[in-house]
Amino acid sequence: MDQFTINLLFVGASFALYIGIAIWARAGSTSEFYAAGRGVHPVTNGMATAADWMSAASFISMAGLIAFTGYDNSTFLMGWTGGYVLLALLLAPYLRKFGKFTVSEFIGDRFYSQTARIVAVICLIVASVTYVIGQMTGVGVAFGRFLEVSNTTGLLIGAGVVFAYAVFGGMKGVTYTQVAQYCVLITAYTIPAIFISLQLTGTPIPALGLFGDTASGVPLLTKLDSIVTELGFNEYTAHHSNTLNMVLFTLSLMIGTAGLPHVIMRFFTVPKVSDARWSAGWALVFIALLYLTAPAVGAMARLNITDMMWPNGGIEGGAVTVEQIDNDARYDWMATWQKTGLLDWEDKNGDGKIQYYNDKSESMQAIAEQKGWVGNELTKFNRDILVLANPEIANLPGWVIGLVAAGGLAAALSTAAGLLLAISSAVSHDLIKGAINPQISEKGELLSARIAMAVAIAVATWLGLNPPGFAAQTVALAFGLAAASIFPALMMGIFSTRINNTGAVAGMMAGLVVTLVYIFLHKGWLFIPGTNSFTDADPLLGPIQSTSFGAVGAMVNFAVAYVVAGMTKETPQEIKELVESVRIPRGAGAAQNK
């Protein structure tokens, strides 16, 4: 059986499962559509949250970015997992106790303002649509490879699949579909990692293999450092980026995680307040299974790729030949990925070999001139293909490659569905019912939610054709927007009675606008290529890149909210009492000294 057929079997079987679950758990009421009837068990919810969270950025893109950058991109791991700690301790139980369907509804009621609710909807839509662009980018990469079509065609096919099961199932259908998707994606991620760890280090646990020895007795990371520095790249295990930007980026991911509406919505689905905190704890456990494996996947893949491009022992042994790439079965993966437009090479100097090195390194330029090289000949290697190509690079069995195909698609589609549900809920429940037509029927509200979701899919697909970066980078922009706009409003709404409606609205608008403008200045206005004035290699404000600016935007939000609140009317007494009732357990008496 050929690889294409194996891929179709694995992907087809997983999709049949997802769509079957969506039909079985089809939402029949707004409670089921928005909050799954509030009857989801904490363990089930934790697993669904993990799938909702571990998107194309985590499954497909993160290990690729770590592989080609090294230690500096460990910020993705620190920021994303740290955010769940904030969410579990500071937000999830209190928001669940408030008892609303959506984040925007909480903000509207807490800040006793329809304007605040509408501004929250705008912030939510901007952050969520940006996030969906990253997911659709991953969907296009995955479908393009495993259906052996162009990236664009793969993206359009993926959009159709998302529409089929997300629009009809609502939160109830999405929850149980995401449980199945988690099982698929975690199996698909860990099995190849175990195989490759055994091949390289003899250790079946990838996280331990990362710090283990290779067959030659040299520690894996020491060998990797030696190889990449020989080719002119930065040392893999060392810190090279700006520390301030690294701290801001990590903080942006952390508070962005705690402010993402599609994640917060998951905690509205459990029966009790305590279940919300348990759900966050279980989600961390399920997420850790992948995040502890990702650094090993990145390092081992980088080592394998470098060995394939220099199969004779480094520069002195000589690079891989064009004849080897064309005729050796171990290099078939390169021709397959070349069809997607995400991988390419060129024999620039006509010597029959493909030299892969850092042609921007001064030391390598001198070596290249001496040897007659005219530039890096691995001209394109999209970081988003690494995890999906990893089993092929390591020459693993066909069924493993098919499993990874299903896992990559599960990761991208599960998060896309959660995000689209957050968008549709904001439009139908908060905008249409909350502000435009409060008398709308339940049937009408469900219809408007599904129409909003369909429109969001169309917009995200169009923007996904020309994304502002790799999947994980695009997702980082969404985290920055959530960090700058939604997280501060939630924190101040729960823990401060001083912030009134005017302060909250001013803070959200200031945080969103300043962050959005900073991103557009670096990534192009409305993400249109060529309209940017700066780049992340040469940012507007010193070392602060667009992906790190969310933390600065959050500071602006807090500052503006407190200043404006201090200059305007005090928060009404009934709202202060509401905040106290949400934050302090009922029946708790004052402390006594006896």
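Here are a few things to note about the model shown:
- Failed criterion for Tyr356 (all others in (1) assigned to a loop (DSSP other than H, G, I, E, B); (2) in contact with a Ser or Thr (Cβ under 8 Å, 6 or more places away or on another chain); (3) open to solvent by less than 10 Å² (accessible area, probe 1.4 Å) hold): (3)
- Test for Gly553: is it touching a residue at least 40 places away in the same chain (Cβ under 8 Å), surrounded by fewer than 23 Cβ atoms within 10 Å (Cβ to Cβ) and closer than 19 Å to Tyr131 by Cα: no
- Any hit, the range 370-377, residues being open to solvent by less than 20 Å² (accessible area, probe 1.4 Å), among the β-branched types (Val, Ile, Thr) and in contact (Cβ under 8 Å) with a residue 12 or more places away in the chain: no
- Residues located in the range 302-342, provided they are open to solvent by 40 Å² or more (accessible area, probe 1.4 Å) and within 29 Å of the chain's Cα centre (by Cα): Ala335, Gln338, Lys339
- Some residue of the range 407-428 being over 14 Å from Gly138 (Cβ atoms), in contact with a Gly (Cβ under 9 Å, 6 or more places away or on another chain), open to solvent by 10 Å² or more (accessible area, probe 1.4 Å) and part of a helix (DSSP H, G or I): no
- Hits in the range 210-226 (condition: touching a residue at least 24 places away in the same chain (Cβ under 8 Å) and not in a loop (DSSP other than H, G, I, E, B)): Leu220, Leu221, Lys223, Leu224
- Residue check, Val270 exposed (fewer than 15 other Cβ atoms within 10 Å of the Cβ), farther than 30 Å from Ser150 by Cα and at pLDDT below 90: no
- Odd one out for Pro467, checked against (1) open to solvent by 10 Å² or more (accessible area, probe 1.4 Å); (2) farther than 20 Å from Leu409 by Cβ: (2)
- Look at the range 134-160: where a residue is among the acidic types (Asp, Glu) and a partner is not in a helix (DSSP H, G or I), sitting 6+ places away or on another chain with Cβ atoms under 8 Å, you get Glu148/Lys339.
- Some residue of the range 558-574 being assigned to a loop (DSSP other than H, G, I, E, B), of a type outside the set (Asp, Glu), open to solvent by 70 Å² or more (accessible area, probe 1.4 Å) and at pLDDT 90 or above: yes
- Tally, over the range 494-537, of residues that are hydroxyl-bearing (Ser, Thr, Tyr), free of Cβ contacts under 8 Å to residues at least 60 places away in the same chain and assigned to a helix (DSSP H, G or I): 2
- Failed criterion for Ala299 (all others in (1) of a type outside the set (D, E, K, R); (2) open to solvent by 50 Å² or more (accessible area, probe 1.4 Å); (3) under 26 Å from Phe68 (Cα atoms) hold): (2)
- A Cβ distance below 7 Å, combined with a sequence gap of six or more or placement on separate chains, defines the contacts here; from the range 192-209, residues that are in contact (Cβ under 8 Å) with a residue 60 or more places away in the chain reach residues that are part of a loop (DSSP other than H, G, I, E, B) and not aliphatic (A, V, I, L, M) in the pairs Ala193/Thr293; Ser197/Thr203; Ser197/Pro204; Leu200/Thr214; Pro206/Thr293; Ala207/Thr293; Gly209/Thr203.
- Checking the stated criteria, Gly408 turns out not to satisfy the condition of being modelled with pLDDT of 80 or more and not aliphatic (A, V, I, L, M).
The values are calculated or read from the model by the stated rules, or taken from the named source; none is laboratory data. Just so we're clear, the structure is a prediction, and the values are computed from it rather than from any experiment. Virtual Cβ from ideal backbone geometry, glycine too; neighbours counted across all protein chains shown. Heads up: the accessible areas ignore ligands, DNA and RNA and are worked out on the full protein's heavy atoms, side chains in. Shrake-Rupley method; radii C 1.70, N 1.55, O 1.52, S 1.80 Å.
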